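The values are calculated or read from the model by the stated rules, or taken from the named source; none is laboratory data. Keep in mind it's a predicted model, so treat the numbers as computed, not measured. Cβ atoms come from the backbone with ideal geometry, glycine included; neighbour counts cover every protein chain shown.
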Amino acid sequence: MTAIRIVEVGPRDGLQNESARLPLADKVRFIDALSKTGLREIEAGAFVRPDRVPQMADSESVLRRIRRARGVVYSALVPNEQGFERAVDAGADKAAVFTAASETFNRRNINASIRESIDRFRPVVARARRMRLPLRAYVSTAFWCPYEGKVSPAAVARVARTLLELGVQELSIGDTIGKASPSDVRRLLDALLKTTPAKTIFLHFHDTYGMAVANALCAWSEYRITGFDASAGGLGGCPYAPGASGNVATEDLLYALKASGADVPAEPKAVAAAAALILARLGREPSSRLGRLARGAAGR
């Protein structure tokens, strides 16, 4: 059976929404703890404008200070060629660019049309290919948009096809506001898999309505999708999608997939323990089922 592939996005997508600025040492400690869980890829930061996402302003220092575990890929989000250069200089093993399947969301998010956003990162794709550095692309609002409503699977497929033809090797298909259900997952994958190889797809579910794990199990059990983004402790959200809550918790997703017979890369309890470190610094209660269970057991 093909192993599940997890991209741990907690240190980037999970923390970017936090209003309280975390000290650099706490971010490094969080990533170092995640590196010991068996996870094979950790998105460590983002080289974006600090006035837009202040929590990511020290991403360069984070990448330079973490203790890199053998076999673990440390990636970073980049908006343009300048951000790509900074990420590479800091030691990123992989880069990620971003666009959306909804025109309105893309304009509200980065003040550009979908086509303009792709044109902006064409130089990044070219540089990454020359350097043989792996590159992924986030496609936000692939199921529902907070401004346009339900998004057409055909629109997502068009964006995905354009990105793959451009030279992106991996696609993160996002349920940005967490409104998707298994029927939405089936509808999208039925269309997407006609032109997009399953091995290039990672699904990025938010858990706003408590459907993220069900959606992932549907994609894995019915379509044999093995790539998923997840965030330790369920940290995260989207500052440009009103009402969007955290990402699916990595530990809950790992537990559900493992219990269903999947070959998972990390121990769920170890990920929950790593999440507990950063949640304590944030003064937050765990939102994941495993996190709450562990906290309850410790309190008895």
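Does residue 250 meet the test of being within 21 Å of residue 289 (Cα to Cα) and at pLDDT 95 or above? In short, yes.
Reported count of residues in the range 62-80, each being at pLDDT 95 or above and over 19 Å from residue 9 (Cβ atoms), is 4. The condition (being at pLDDT 95 or above, crowded, with 18+ Cβ neighbours inside 10 Å, farther than 18 Å from residue 175 by Cα and more than 17 Å from the chain's Cα centre (by Cα)) is satisfied by just one residue among 262, 294, 266, 275: 262. Remark: residue 115 falls outside the filter, which requires a residue to be closer than 28 Å to residue 57 by Cβ and not aliphatic (A, V, I, L, M). Taken over the range 63-82, the residue count meeting the criterion of being touching a residue at least 40 places away in the same chain (Cβ under 8 Å) and of a type in the set (Val, Ile, Thr) is 2.
Just one of the listed residues (18, 43, 85) is surrounded by fewer than 19 Cβ atoms within 10 Å (Cβ to Cβ) and either within 19 Å of the chain's Cα centre (by Cα) or part of a loop (DSSP other than H, G, I, E, B) (or both), namely 18. The number of residues in the range 91-107 that are surrounded by fewer than 22 Cβ atoms within 10 Å (Cβ to Cβ), without any contact (Cβ under 8 Å) to a residue 40 or more places away in the chain and assigned to a helix (DSSP H, G or I) comes to 1. Which number in (1) in contact with a Phe, Trp or Tyr (Cβ under 9 Å, 6 or more places away or on another chain); (2) closer than 22 Å to residue 226 by Cα; (3) surrounded by fewer than 15 Cβ atoms within 10 Å (Cβ to Cβ) marks the one condition that residue 71 misses? So the condition that residue 71 fails would be (1). For the range 1-29, the set of residues classified as in contact with a helix residue (DSSP H, G or I) (Cβ under 9 Å, 6 or more places away or on another chain) and closer than 19 Å to residue 87 by Cβ consists of 8, 9, 10, 11, 12, 14, 15, 16, 24, 27, 28, listed by residue number.
Restricting 67, 115, 136 to those that are of a type in the set (Lys, Arg) and under 18 Å from the mean Cα position of the chain (by Cα) reduces the list to 136. Could you list all residues from the range 55-67 that are in contact with a Ser or Thr (Cβ under 9 Å, 6 or more places away or on another chain) and surrounded by fewer than 16 Cβ atoms within 10 Å (Cβ to Cβ)? Passing the criteria: only 67. Of the numbered criteria (1) out of contact with any Phe, Trp or Tyr (no Cβ under 8 Å at 6 or more places or on another chain); (2) under 18 Å from residue 278 (Cβ atoms); (3) part of a strand (DSSP E or B), the one residue 6 fails is (1). Looking across the range 139-150 at every residue that is assigned to a loop (DSSP other than H, G, I, E, B) and of a type outside the set (Ser, Thr, Tyr), the one that is nearest to the chain's Cα centre (by Cα) is identified as 142. The residues on offer are 136, 108, 120, and the sole one that is of a type in the set (Lys, Arg), under 25 Å from residue 248 (Cα atoms) and at pLDDT below 95 is 108. When the range 146-161 is filtered for residues that are hydrophobic (A, V, I, L, M, F, W, C) and touching a helix residue (DSSP H, G or I) at 6+ places or on another chain (Cβ under 7 Å), the ones remaining, listed by number, are 154, 156, 157, 159, 160.
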